[in-house]
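Asker: Structure incoming, see below.
What follows draws every value from the coordinates through simple rules; no lab data is involved. Note that the structure is predicted; figures quoted are calculated from it, not measured. Neighbour counts run over all protein chains shown; Cβ positions are idealised from the backbone, glycine included.
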Amino acid sequence: MPQVRRIAAATLKSLIEFIPQFPEAEAVNMFQEFNKDEQDSVRLMSMGNFIALKNAGVELPGETKKEIIKTWAEDKSWRIRYMVAEKMCELRDMVDKEYFDEVLVEYFHKFMKDDETEVRSVSAAKIAEFLPLLDTDYKQKILQGLKGLSSDSQLHVRRTFNLKVKVH
């Protein structure tokens, strides 16, 4: 019944808005269950729930947040990696600066070279938004990957990159 779990995972985001009326512990437990689901479509919904929990003032332990993000960034499903790349700037606000600089920047760099065209494309689309968040030392790491995006084998990736670079 992956469709039912996917709908339940999508609905959790709405319920989180009602914390404290909706029990915080229950919301966290549901999030954790959906996040471990075998179906990527269910796990995909958990990223929105993760951000909704933060916006509702629910503070997960730092190590738990880091492990969740690591699991997503290394997920076998390109759709999950796509969403991490898409939400990278929002995820930055959920972790400490050191973790962002040392770990999330490295993941973003890997996404720029991902096997899946869609992951590379969303990385190209997020360059202009992502670069200003970085200190000079870490910008170099990302700038090294730009050449790959500008000469990507897929026209869609090159086009997205060129549009974002020229606009910004």
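Asker: Past the 21 Å Cα-Cα mark, which pairs from LYS36/LYS97; LYS66/LYS87; LYS113/LYS147; LYS87/LYS113?
Answerer: Long pairs (Cα-Cα over 21 Å): LYS36/LYS97.
Asker: At 0.36 nm per residue, and after removing the present C-alpha to C-alpha distance, how many nm does the segment from GLU102 to GLU90 gain when stretched out fully?
Answerer: 2.7 nm
Asker: To continue, here is another question. List the trypsin sites (Lys or Arg not before Pro) in region 107-168 that DSSP assigns to loop (not H, G, I, E or B) and whose Cβ has at most 16 other Cβ atoms within 10 Å. Which are they?
Answerer: LYS113
Asker: If you stretched the chain out fully between GLU74 and LYS139, how much longer would it get, using 0.36 nm times the residue separation minus the C-alpha to C-alpha distance?
Answerer: Residue separation times 0.36 nm, minus the Cα-Cα distance, leaves 21.2 nm.
Asker: Continuing with the same structure: Given a cut-off of under 8 Å on Cα pairs at least six residues apart, what relative contact order in percent is computed for the chain?
Answerer: Computed over the chain, the figure is 16 percent.
Asker: Is region 36-118 rounded, prolate or oblate when judged by the Cα gyration tensor, a ≥ b ≥ c being the square roots of its eigenvalues, rounded requiring a/c under 1.5 and prolate requiring a/b larger than b/c?
Answerer: Note, shape of region 36-118 comes out oblate.
Asker: Please compute the contact order of region 76-168 in relative form: average sequence separation of alpha-carbon pairs under 8 Å and at least six residues apart, divided by the residue count, as a percent.
Answerer: Relative contact order here is 31 percent.
Asker: Something else about it: Applying the Karplus parametrisation 6.51 cos²θ - 1.76 cosθ + 1.60 with θ = phi - 60° to the phi angles of region 35-42, what ³J(HN,Hα) value in whole Hz is obtained for each residue in order, glycine and proline being reported as x?
Answerer: Whole-Hz 3J(HN,Hα) from phi for region 35-42: 5, 9, 4, 6, 8, 5, 5, 7.
Asker: Another question, then. Note the full-extension length gain between ASN55 and ASP115 as 0.36 nm times their separation in residues minus their Cα-Cα distance, in nm to one decimal.
Answerer: 18.3 nm
Asker: While we're on this one: Can you pull the one-decimal nm distance between simple spin-label points at LYS164 and THR64, each 7 Å off the Cα toward Cβ?
Answerer: Here the answer is 3.1 nm between the modelled labels.
Asker: Something else about it: Add +1 for every Lys or Arg and -1 for every Asp or Glu among the other residues with Cβ under 11 Å from the Cβ of LYS141, and state the total.
Answerer: -3
Asker: Could you pull out the GluC sites (Glu not before Pro) across region 89-147 that fall in loop regions by DSSP (anything but H, G, I, E, B) with no more than 15 other Cβ atoms inside 10 Å?
Answerer: Qualifying residues, ordered by number: GLU116.
Asker: With angles folded into 0 to 90 degrees, how steeply does helix 62-73 sit against the dominant principal axis of the chain? Use alpha carbons for both and round to 10.
Answerer: 60
Asker: Now, a different point. Projecting each Cα onto the charge dipole of the chain (Lys/Arg +1, Asp/Glu -1 at the beta carbon, about the Cα centre), which of SER41, PHE111, VAL157 comes out farthest on the positive side?
Answerer: Farthest towards the positive pole: VAL157.
Asker: Follow-up. Output the 0 to 90 degree angle, nearest 10, between the alpha-carbon long axis of helix 136-150 and the longest principal axis computed from the alpha carbons of the chain.
Answerer: For 136-150 against the chain, the angle is about 70 degrees.
Asker: In addition: List the GluC sites (Glu not before Pro) in region 20-77 that DSSP assigns to loop (not H, G, I, E or B) and whose Cβ has at most 16 other Cβ atoms within 10 Å. Which are they?
Answerer: GLU38, GLU59, GLU74
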